[in-house]
Amino acid sequence: MSWKEEVQKVADEFIYTNEDVNKGVKEFLREMDEGLSHSGSTLSQIPTYVTSVPNGTEKGLYLAVDLGGTNFRVCSIQLRGNTTFSLTQSKVAIPRELMVAKTSKELFSFLAKQIEVFLKTHHNDHFQAVVRRRRTMSISEGFREEEIFQLGFTFSFPVQQHGINRGTLIRWTKGFDIADAVGKDVCVLLQDEIDELHLPVRVAALVNDTVGTLMARSYTSPGKTGTLLGAIFGTGTNGAYVEKLKNITKLPAASGANYDDSTGEMIVNTEWGSFDNGLRVLPNTSYDEALDKESVNPGIQMFEKRVSGMFLGEILRRAMLALVKDPKVMLFKDEDSSSNDIHSTTNIAPDSPLFTQWGLDTSFLSIVAGDTSYGLKVIKQTLDKELGISAASTEDAEAVKVLAAAIGKRAARLSAVPIAGIVHKSGRLGKTSASASHAASKVKEHVQNLEVGEAAKTAAEGVQASAAPVVDLPPTGGVGNDEDDVVDIGVDGSLVEYYPGFEDYLREALREIPEIGAKGEKKIRIGIAKDGSGVGAALIALVAGPLTASPPVSPIREKK
Ligand code: BGC
């Protein structure tokens, strides 16, 4: 066997056949039902208590913060009461040590501090006025109701929600690991730190990024039909969809929460990153196995570990390293440097990130997939720059391309599984728009006309004001369909946005699923809701306002 065949053999381990896809969908449907009927299932199916919507006449300043990956974002949305609003946002990278801090206080006090900086920078007049009034006021709470900023908290980790602004952390994902936060109400953790800084801010809604994406997409998507699903394919992966209240049979027992049930529907956060943790149907190569074993959370987020941006680079790194270590395989060993750029010996730097866990970023896969240059120059340059592998040959670059494509393609085909499951379960493929969704189309009806007002101007460094918080790219599927006869899906995340061909591979797999088929696949419209989670959170804080008249309070403070 030639060394190229050896490489191909490894790439073939990542083939995810049509039969596998179909097995996956069946299991996903089973786990969906299981998760709707009881707690503790592998697919969490978390009720979000989001069932009601704004009506476009609300006024006021709403805050939203977003914690879920590498950055923490704070934004404010000024609703003018005449269906227009403006948005200001800031972004700060979360220091690595805070992701694995000893105590949750370290992380949450950092977040509260960012909110304070943001308020002082962008809403100083309002902030100072509140502080002045508070000093002179006699009521014990110190604030008048109308002076408090309502905050939508996008927290993109698995949380057991107990109400619209109540939720306990089930587990960390995406490299975060702060043991004492697990089991605690994250709204309380944030509220306590906000109160310690005496900020006039109430955590009014707790929102997963997928839910925000679904809300945001729902008012920007063309046509009357409400969006069915909001999905993230970024650092992590997950989806939230509109489910009939009567199907969420675990709800009465699990709640006690206050929510409006008039739409008969509720958004459910699937937490599909943990689909099939038991590995009944998911593919499992030796590289997946080793990655999981050496991760901070072995045995969980097994779907996410095969699909999302945090992990694909690491899978590729492990596959490449195994081949480099194999004496039969000439990868980066310079048997044939005749075609490398500088006709010199290929060399792997001893401190190459190839030898370090998480050394290879997933953006590398996107670069590799996008290189169509003669002699794969871009791949060679990237190998040099990112991995310290100098003078790689064209054969080396080809081998890397074959491997990376196999891993990327498997991720995209796997992504078809939850999408197909949810679309099929919704019954929307066989329906007309009129019966599609009450909750989502109500969202649409009420907020569709919200136009982005003139963006707030800001001079502060690193802070952008945006006139278009949600970018609605032309749909890539469903073209040629009646706009109201589509099943609309909002997506966000680096993978779906930047990995070349991600959606094509995903659609290819969808067509192979009998419950969807070629006809059904055409009806599925997928659109980017860029940074929708922040805007969605503010919208949810807005609708949640009346339901959350009091801030989340820690049990200790309640006892006083
Ligand atoms: C989290 C989800 C989140 C997803 C995308 C996953 O790791 O568990 O809550 O929605 O990442 O950010």
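Which of the residues that make up the range 369-389 are in contact with a Ser or Thr (Cβ under 7 Å, 6 or more places away or on another chain) and either touching a residue at least 24 places away in the same chain (Cβ under 8 Å) or not assigned by the TED database to the domain that holds V324 (or both)?
G375, L376, L387, G388, I389
Quickly run through the range 185-217 and pick out the residues that are within 16 Å of the ligand (Cβ to nearest atom) and in a loop (DSSP other than H, G, I, E, B).
Result: N208, single match.
On the given criteria, is L169 surrounded by 14 or more Cβ atoms within 10 Å (Cβ to Cβ), within 16 Å of the ligand (Cβ to nearest atom) and at pLDDT 95 or above?
So L169 fits the description; yes.
Quick check on the range 305-312. Is at least one of its residues over 30 Å from I348 (Cα atoms), part of a helix (DSSP H, G or I) and assigned by the TED database to the domain that holds G230?
Within the range 305-312 (the criterion being over 30 Å from I348 (Cα atoms), part of a helix (DSSP H, G or I) and assigned by the TED database to the domain that holds G230), the answer is no, since none of the residues qualifies.
Pairs please, first residue from the range 394-407 and without any contact (Cβ under 8 Å) to a residue 12 or more places away in the chain, second anywhere and outside any helix (DSSP H, G or I) and surrounded by fewer than 24 Cβ atoms within 10 Å (Cβ to Cβ), Cβ atoms under 8 Å, 6+ apart in sequence or on different chains.
Within 8 Å, no pair qualifies.
Scan the range 394-410 and give yes if some residue there is away from the ligand (no atom under 16 Å from the Cβ), small (G, A, S) and not in a helix (DSSP H, G or I), otherwise no.
no
In the range 132-166, which residue that is within 13 Å of L199 (Cβ to Cβ) and modelled with pLDDT under 70 is surrounded by the most Cβ atoms within 10 Å (Cβ to Cβ)?
Among those that are within 13 Å of L199 (Cβ to Cβ) and modelled with pLDDT under 70, it is F143.
Residue-by-condition table, conditions (1) under 30 Å from G359 (Cβ atoms); (2) in a loop (DSSP other than H, G, I, E, B); (3) of a type in the set (S, T, N, Q); (4) at pLDDT 95 or above:
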site	(1), (2), (3), (4)
K246	no, no, no, no
T249	no, yes, yes, no
A253	no, no, no, no
R280	no, yes, no, yes
D292	yes, no, no, yes
Q301	yes, yes, yes, yes
I315	yes, no, no, yes
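The values are calculated or read from the model by the stated rules, or taken from the named source; none is laboratory data. Every value quoted in this text rests on a predicted model; they were computed, and no experiment measured them. In this analysis, Cβ positions are derived from the backbone assuming ideal geometry, glycine residues included, and neighbour counts consider all displayed protein chains.
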